[in-house]
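Below: the structure, in structure tokens.
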Amino acid sequence: MISRSVSVVLLAILVAPQIGHSDEQLPLNKLSTYQVVKTWHEQFMQGQPTKAQRLEAMREIVRTSGFGDRGLKSIYKNFEGNYALDPTIPGVEKSTLLTRSASASQAKGYRRELLYAVSLHNDPQYSVVEMNRPQKRAWGNTDFDIVFRHHSSNQYGRVEVKDYSPDSQNTNLNKLKIQIEKMAREGRYSGQQQVWINARPVVQNLRSYAESRGVLVLENVKTGTTTSKVPGAISADAALGQVDQLFKRAVYTRTMIAAGQLGFGASMLLGSAPMALESAYALLNEENSGEVVTRGLRFGEYASYAMAGTGMVLSSGMSLASRYTSEANQVRLFSTGRYVGQLAWVGLVAAEGFQIARYNKGDVSDREFWTNQWVLGSMATGSYLGSLIGGALAGFVFKAPPTIVAGSVTGSAGGAWLGESLARSTANAWYEHKFAGVDERFGKRVYARYGLQ
């Protein structure tokens, strides 16, 4: 006969799973707190639901909120049609859960984020990559409200969603400027476009501050269908049109600059590398110790020009290639290329310093020194003008982004070569004219001195 204690244990074992199952199935309601809803969703996810089931769970979270089924259909259109949203996008379900926050302002903010994500997700020009991404940087930790991809450029961007009244903006101006500055630093580091969207008008002080740092500010953006009733308001779709123009301008500018830098750097490298090798050989093998300083300066100049050219080629190459890779690799290539580009300009400044030192020692003639300055300036101008012309022609004829890049690079190389050729020919013509005048004046003085005819 089974003892009473054993019977109790067996009963507990049989009933416990049923209790757990019953807890998982407890229906949500308008009184369910955020923590209850979150726990319910965590248990739901343990069952490895399908995409359709996860979408239905999102609907249930909204349906059992204070907005009810009517709110689900009027605000989110049941997440169907043009209001569809993929629940498997990282952060989407978390944002949906946070619409049940006990903080009314926080819940409202997440509802607005979801609606912006809906607009991005259903616009063929964009796709949502992640919502509420935690990001750690040297200048501070933060969350990116929405990370998205612009399809035609394959560039990534970040949207910060706000709802500050003008009075609140003035009160919190310093705090908001700090956030804008962090966004600007993120943009310079990662190359990703930064967008700050506010549901109400933005004060001029804050707008000017943001735009001076490359952060796009969009104001009075409404997610509903009543924009015509609010003076100066624009729809989320209209705001995304402005974002599209931002990306197109940014990628065009970046392509032209990178292509111009590539042509200039390649020309500089090809011209200086052989001279750097020759001067290095002379520095190591010449026996006359009295020429060591002169030969050292000569090697320093050409080696620095070669370093500058190499840096420009690598930096611009990384910038151009980053467009055709993943988000993580884009950030790596862009940030690395930026630092390499800075080293390239250090090399250019060092080369100029070495040449000035040679000029002061008499190792470089006045004509050679100023001709070199004229050639460098003309090469830089030619490479960037060639980049613009080549890119514009390729875009006009082919219209495809890869051909625009190819046209820009080809135009840049041709412009650098043409700039150098014209600079050398005009410099030679100038000095020949100048010396011809000197010879003529000298001859006249000699003839006058000795009374010759």
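The C-alpha atoms of the chain define a longest principal axis, and helix 4-24 lies at about 60 degrees to it.
Here the peptides 299-311, 336-348 are ranked by packing, the mean other Cβ count within 10 Å, and the order with the highest first is 299-311, 336-348.
Around the Cα centre of the stretch 108-232, unit charges on the Cβ atoms of Lys, Arg, Asp and Glu (plus for the first two, minus for the last two) sum to a dipole of about 180 debye.
When the charge dipole of the chain is built from unit charges on Cβ atoms (+1 for Lys and Arg, -1 for Asp and Glu) and taken about the Cα centre, the candidate among M275, G71, V37 whose Cα reaches farthest toward its positive end is G71.
Between the Cα long axis of helix 236-285 and the first principal axis of the chain there is an angle of about 40°, rounded to the nearest 10.
Relative contact order for the stretch 194-254: 28 percent, from Cα pairs under 8 Å spaced at least 6 residues apart, divided by residue count.
The dipole here belongs to the chain: it is taken about the Cα centre, uses +1 on the Cβ of Lys and Arg and -1 on the Cβ of Asp and Glu, and is about 1120 debye. A simple packing score, the average count of other Cβ atoms within 10 Å per residue, orders the peptides 422-433, 88-99, 230-241 as 88-99, 230-241, 422-433, with the highest score first.
Take the alpha carbon gyration tensor of the stretch 108-232, find the square roots of its eigenvalues, order them as a ≥ b ≥ c, and report rounded if a/c is under 1.5; if not, report prolate when a/b exceeds b/c, else oblate. Because a/c hits 1.5 or more and a/b fails to exceed b/c, the stretch 108-232 counts as oblate. Subtracting the Cα-Cα distance of E56 and Q106 from 0.36 nm times their residue separation leaves 15.7 nm of extension gain. In the chain, the calculated helix contribution to ellipticity at 222 nm averages -24000 deg cm²/dmol per residue, counting -39,500 (n - 2.57) for every DSSP H run with n ≥ 4. For the stretch 244-353, the residue among N329, G317, G347 whose Cα projects farthest onto the positive side of the dipole built from Cβ charges is N329.
Taking Cα atoms only, the orientation of helix 401-450 departs from the longest principal axis of the chain by about 20 degrees.
For the chain, the orientation-averaged shadow of the C-alpha convex hull comes to 41.3 nm² (one quarter of the hull surface). Take each peptide in 159-166, 193-200, 316-323, count the other Cβ atoms within 10 Å of every residue, and average; sorted highest first, the result is 193-200, 316-323, 159-166.
Computed from the coordinates by the stated procedures, all read-outs in this text should not be read as laboratory data. Source: prediction; values computed, not measured. Reconstructed Cβ throughout: ideal geometry from the backbone, glycine too, with neighbour counts over all protein chains shown.
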